[in-house]
1. Can you give the calculated 222 nm mean residue ellipticity of the chain, where each DSSP H run of n ≥ 4 adds -39,500 (n - 2.57) and the sum is split over every residue, rounded to the nearest 500 deg cm²/dmol?
2. When only Cα pairs under 8 Å and 6 or more residues apart are kept, what is the percent relative contact order across the chain?
3. Quickly rank 244-253, 104-113 as a protection proxy: mean count of other C-beta atoms within 10 Å, highest first.
4. Would the stretch 1-71 count as rounded, prolate or oblate if I go by the C-alpha gyration tensor, calling it rounded below 1.5 in a/c and otherwise prolate when a/b exceeds b/c, oblate otherwise?
5. Roughly what would the spin-label model give for residue 469 and residue 3, points 7 Å off Cα along C-beta, in nm?
6. Could you compute the net charge surrounding residue 59? Neighbours are other residues with a C-beta less than 13 Å from the C-beta of residue 59; K and R count +1, D and E count -1.
7. Cα gyration tensor of the stretch 98-181, axes a ≥ b ≥ c as square roots of the eigenvalues: rounded (a/c below 1.5), prolate (a/b > b/c) or oblate?
8. Around residue 44, with a cut-off of 10 angstrom between Cβ atoms, what is the net charge of the other residues, counting Lys and Arg +1 and Asp and Glu -1?
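The values are calculated or read from the model by the stated rules, or taken from the named source; none is laboratory data. Values in this document were obtained by computation on a predicted structure and should not be read as measured data. In this analysis, Cβ positions are derived from the backbone assuming ideal geometry, glycine residues included, and neighbour counts consider all displayed protein chains. Protein only, heavy atoms only, side chains kept; ligands, DNA and RNA dropped before computing areas. Shrake-Rupley method; radii C 1.70, N 1.55, O 1.52, S 1.80 Å.
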Amino acid sequence: MRTTTHDVLIAGAGPTGLMLAAELALAGVDAAIVERKPTQARAGGRAGGLHARTLELLDQRGIVDRFLAAGKTHPRVSFHVPLDISDFPTRHNYLLALAQEKTEKLLAGWADELNVRIYRDCEVAGSACGADGVDVATTQGDMLRAGWLVGCDGGRSTVRKLAGIGFPGWDASTSWIIAEVRMTEKPVLGFHEDASGRHAMSLMEDGETVGVVLAGRDPRATGAPTLDELAAGLKTIYGTDFGVHAPTWLSRFSDATRQADAYRKGRILLAGDAAHIHPPLGGQGLNLGVQDAVNLGWKLAQVVKGVSPAAVLDTYQAERHPAAARVLRNTIAQGVLRRPDDRTPVLGEFVAEMLAMDEPRKRFGAMIAGLDITYATDADQPLVGRRMPDLDIATADGPTRVYALLRDARPVLLDFGGAVDVAGGRVKRVGARSADMCELPCVGTVPLPRAVLIRPDGYVAWAGDGAAQGLRDAMHTWFGA
Ligand SMILES: Cc1cc2nc3c(=O)[nH]c(=O)nc-3n(C[C@H](O)[C@H](O)[C@H](O)COP(=O)(O)OP(=O)(O)OC[C@H]3O[C@@H](n4cnc5c(N)ncnc54)[C@H](O)[C@@H]3O)c2cc1C
């Protein structure tokens, strides 16, 4: 039997796997994807948008314009009520409405430009992890070998199960049917609320297919619903089944909320839905997966290239597990606020009243947009652990902005006259001038330090005057320099 070898194998060409593969390829690592489906064709309607932090990450790689051109921006995100984020200090102070299949196609196109190999119609069925690599068997009978295997294979992750990683959490308390169908009667477009929950119908792009979401279904239901089950649900809720027929998609989702208890076991890692699932309130799941991928990509690339020890991968779990745990909790809270009983709406009124105030709006808006993430809570410098703002800067090569320096996913030492006396090594060193202050979401205006060390994912590893030992330590810890 033929065995093909790669540095990294990724199970799943969803948004997480595609982003991770591209990040690894950008860093010069041979990463390949094994994807069960034969094509990247649409698999029903799922994520409807990209949040500000995800757009910033795409901007850092120079590809955000492709996404902006394909979608439509909206100034509001949602936590129980719409929250205006148009005054947020980011170039992407909006939600980009963009269907998941379009996001996936654009990511697949980028991965293709970077020569990522995708084994399509190929399903991971078994894996054996040794001291120096992982053997992967597919249901098609192929054998693949890689230094590392990353499960980006969704909520029912085979990789997670093969690795024996636990997935504790909350069982479903309710579920929804989601479908795309034709109707002989006129659909009732928009939301419809009753004692079983909030249902919805919308007309799809072709002007004929109707997207249907029915709430309050059996939490124990498994497998795809039948057309008869959908018709019966419509009849109970709307009094008619609308002559529903010709389904192009029938599925269900629930409020089950779970998180992997380890993001890494030996040479196997998890990212995206394989590592965490939650109800789709606030539209955060895809965004979380893409952000996992960008956090993991450069670290894994450094380990593959021998720049960093495998211990740097422990920071992936240390940083991304809490970030996802927070999203899980905010979706649970939003789910509770939607419970269809007489008293819960009273709580919802108070939450809405609170969120109409400026400070809570900013905090909750930044949380949903992913702009409030802090990876180092004990740092004296407010920038450390936070996303670097995309400042306009003047350099010896002319005016530019910070994110333009991150296109090739290399670490950057920005020297604002800090007399930085440390040799750069792998770190790109850029002398720059900028305003003295910068504004951070949720934090406000802070002084700009004289030197800033930025990781390839755009988070600040170190900030200060450059002379301190701290810079040398940070360069060594993060970039093996
Ligand atoms: C109704 C609904 C609405 C949603 N709305 C939003 C939203 O508005 N915003 C948002 O951010 N998120 C939303 N989400 C969540 C979002 O769809 C997911 O978080 C996202 O798809 C996760 O991406 P992923 O790449 O981690 O996993 P997936 O998208 O599940 O991709 C996993 C891939 O792995 C492949 N695969 C699986 N098993 C194997 C195997 N053994 N071998 C090889 N390949 C395999 C699959 O075919 C698939 O292509 C929504 C979800 C639902 C259900």
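1. Values: 11 runs with 139 residues, N = 481.
Using -39500 (n - 2.57) per qualifying helix, the result is -9000 deg cm²/dmol.
2. Numbers: 1001 pairs, mean separation 80.1, N = 481.
Relative contact order of the chain: 17 percent.
3. Working: 244-253: 16.1, 104-113: 19.3.
The densest-packed peptide leads the list: 104-113, 244-253.
4. Values: a/c = 3.00, a/b = 1.45, b/c = 2.07.
Taking the square roots of the gyration eigenvalues as a ≥ b ≥ c, the stretch 1-71 is oblate.
5. Result for the modelled spin labels: 4.6 nm.
6. Numbers: positive: 53, 61, 66, 91, 387, 401, 407; negative: 56, 65, 390, 457.
My count for the surroundings of residue 59 gives +3.
7. Values: a/c = 2.13, a/b = 1.17, b/c = 1.82.
Cα axes put the stretch 98-181 in the oblate bin.
8. Values: positive: 42, 46; negative: 101, 180.
Here the count lands on 0.
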